[in-house]
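Everything below concerns the one structure shown next.
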Amino acid sequence: MADDDANNYAYDEDEANMSYLCTSWAPVLGFMGCAGAVVFANIGGAYGTAKAGQGIMAMGIRSPELLMKNIIPVVMAGVLGIYGLIVAVILNGKIVQPANGTGYAQYSQYTGFSHLAAGLCCGLSSLASGLAIGIAADAGTRAVGAQSAMSASWKKMGFTGDTGGQVTSSGDALFVGTVLIQVFAGNLGLYGLIAALILSQQDYICEN
């Protein structure tokens, strides 16, 4: 009876190769990291573009001359999707196929979790960045357009003095402030990209 138990728990090299560290489902984590980076980054970029576009179009009705000047947030939101694409391409290149002949998995859970973390870092950071850019751009462009229209109306009424800064101001103060807010909001996605690139370097390959 004792001999049978010993045989059941005998060391098997094949079983060691197919260890819990390199399971057959480990590549799923890596592919989820690729998908998460692209999907979440594109959601953030899409929201930022749409929300900023709403503000720009609303501002363009009263101040069409400022339309192209305030297109910056649309460009910044579109860059977020590129962050996700970069990370997805890098992670995809690091996903290792099963060994030829034996079929044993070489892609470890350690690598899979690190790649999943990398994809989520980039994707969710870009999503947050897109939300911030869109909301800030919507409010900022509307404010710039309103100030420009108010300044023009004051001039038409014949006011030449600096009444609260409305006459001489062309909206540059608000415009600069809006751009600064969007720059710092866009940095959130960049931080996620940097963290994702660092995490993507953490890997462990099972040698068969």
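Read the figures in this text as sums done on the coordinates, not as results from a lab. Just so it is clear, the model here is predicted, and its values are computed rather than measured. In this analysis, Cβ positions are derived from the backbone assuming ideal geometry, glycine residues included, and neighbour counts consider all displayed protein chains.
Potential lengthening of the chain between Ala58 and Ile82 amounts to 5.9 nm, from the contour at 0.36 nm per residue minus the alpha-carbon distance. Label sites at Asp172 and Leu190, each approximated as a point 7 angstrom past Cα along Cα to Cβ, lie 2.4 nm apart. The label-point distance for Leu21 and Ala35, in a model that sets each label 7 Å from Cα toward Cβ, rounds to 2.8 nm.
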